[in-house]
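The values are calculated or read from the model by the stated rules, or taken from the named source; none is laboratory data. Keep in mind that this is a model prediction, so the values were computed, not measured. Here Cβ is always computed from backbone atoms with ideal geometry, including for glycine, and neighbour counts include all displayed protein chains. SASA here: full protein model, heavy atoms, side chains in, ligands and nucleic acids out. Shrake-Rupley method; radii C 1.70, N 1.55, O 1.52, S 1.80 Å.
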Amino acid sequence: MNQLLTAQGLGGVVFLTVSTAVVIGALIAVNSKRLIRAVTGLCLCLIGVAGLYYFLNSPFLALMEILIYVGAVGVSIAFAIMLADPHPEKKGNRATGLGSLFGFICGALLTWGLIKTGLSTHWQGAAAKINSGSMLELGKSLLTTYGMVFELISVVLLIAIIGSLALGKKGRSNHPGKISR
Amino acid sequence: MLQLSTNLNTYLIIAAFLFGIGFYGLINRRTLIGMLISAELILSGASLNFMAFNRFLAPNPVVGQVFTLFIMGIAAAEAAIALSIIIAVYRNYKSIAAEDLNDLKG
């Protein structure tokens, strides 16, 4: 019990908590009957992933995970559910019987194979690290070495925004009379 | 138990679980939004793997972080496009179940 009260022990407890949050959140996200609960599970899972990023020496990525995934993606999925799924009780949301079993077998086989490959390989680490991987180094290389990719990503995001606006407008103008609500 | 967070294998196992659960959901879900949620889980599993290898094995620990950042950007763009397609589909079919989307234009 005394061991748990040290800084390391508390770190271990926090680590176990976030990894449990990841797995339980993912299970809620795929198994819940209502989609809005699935989004909640997804957000829990992604907060857990952000905690794991923090343990992997990358607080910047942890913040970005919460900002982009939990904030932007989670909220927009929740809005889409409110717009497009007004009667969640009407029909089954998940496959049943044989389809569900098939999916479970596929997922379990993939998980087992990945774990087995990861554990049985002898990973050879680098002899020395050429920088510390801190936020300063990340910002420097993001604006020098990876500057081109950085700009391309912003173009992709701009096109995605314009494309989703165009798609939303097109669906509306095609059937002006059908939308009563 | 205290060494779990400094061990590569722990992260690999968690990422494998994320990927497998996401794949199960992708097959199992019958609505488009459910499939999108599962795809996000798969992407998270992949980025967690990148971050783990980046932390423990890579000589330059910036590369994996940059790559994960770009995966996040692409995933945000993909979610925006997919959600607007889903809204457009809902306007035409009044449903987002994958089995209802069964007629082509023509």
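For region A:98-143, the set of residues classified as open to solvent by less than 90 Å² (accessible area, probe 1.4 Å), at the interface with another protein chain (Cβ under 8 Å from one of its Cβ atoms), of a type outside the set (A, V, I, L, M) and assigned to a helix (DSSP H, G or I) consists of A:G99, A:S100, A:G103, A:C106, A:G107, A:T111, A:G118, A:E137, A:S141, listed by residue number.
Would you confirm whether any residue within region A:53-68 is over 22 Å from A:A160 (Cβ atoms), touching a Ser or Thr at 6+ places or on another chain (Cβ under 7 Å) and modelled with pLDDT of 85 or more? Checking region A:53-68: at least one residue is over 22 Å from A:A160 (Cβ atoms), touching a Ser or Thr at 6+ places or on another chain (Cβ under 7 Å) and modelled with pLDDT of 85 or more. Among the residues making up region A:20-31, those that are without any contact (Cβ under 8 Å) to a residue 60 or more places away in the chain and within 24 Å of B:L36 (Cβ to Cβ) are A:A21, A:V22, A:V23, A:I24, A:G25, A:A26, A:L27, A:I28, A:A29, A:V30.
With respect to the stated conditions, A:I68 is closer than 26 Å to A:M135 by Cβ and surrounded by 16 or more Cβ atoms within 10 Å (Cβ to Cβ). Restricting to region B:43-65, give me the number of residues that are touching a residue at least 24 places away in the same chain (Cβ under 8 Å), more than 7 Å from every other protein chain (Cβ to nearest Cβ) and open to solvent by 30 Å² or more (accessible area, probe 1.4 Å). Going through region B:43-65 one residue at a time, the tally reaches 4.
Flag set for B:G73, criterion: within 17 Å of the chain's Cα centre (by Cα), at the interface with another protein chain (Cβ under 7 Å from one of its Cβ atoms) and not aliphatic (A, V, I, L, M). Those helices (runs of 4 or more DSSP H) of region A:13-84 in which at least 2 residues are among the hydroxyl-bearing types (S, T, Y) and closer than 28 Å to B:S5 by Cα, considering only elements entirely within it, cover A:35-55. A:I77 meets each of the listed conditions (1) in the same structural domain as A:L42 (by TED's automatic domain parsing); (2) modelled with pLDDT under 90 apart from (2).
Here is a yes/no grid of residues against (1) in a helix (DSSP H, G or I); (2) free of Cβ contacts under 8 Å to residues at least 40 places away in the same chain:
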{"residue": "B:F70", "(1), (2)": "yes, yes"}
{"residue": "B:G73", "(1), (2)": "yes, yes"}
{"residue": "B:A77", "(1), (2)": "yes, yes"}
{"residue": "B:I86", "(1), (2)": "yes, no"}
{"residue": "B:R91", "(1), (2)": "yes, yes"}
{"residue": "B:S95", "(1), (2)": "no, yes"}
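I'd like to know if region B:74-84 contains one or more residues that are open to solvent by 30 Å² or more (accessible area, probe 1.4 Å) and modelled with pLDDT under 90. No: zero hits. Scanning region A:144-158 for residues that are part of a helix (DSSP H, G or I) and surrounded by 12 or more Cβ atoms within 10 Å (Cβ to Cβ) returns A:V149, A:F150, A:L152, A:I153, A:V156, A:L157. A single entry from B:T6, B:T10, B:T68 fulfils the requirement of being more than 30 Å from A:K170 (Cβ to Cβ), surrounded by fewer than 19 Cβ atoms within 10 Å (Cβ to Cβ) and either within 19 Å of the chain's Cα centre (by Cα) or modelled with pLDDT of 90 or more (or both): B:T10.
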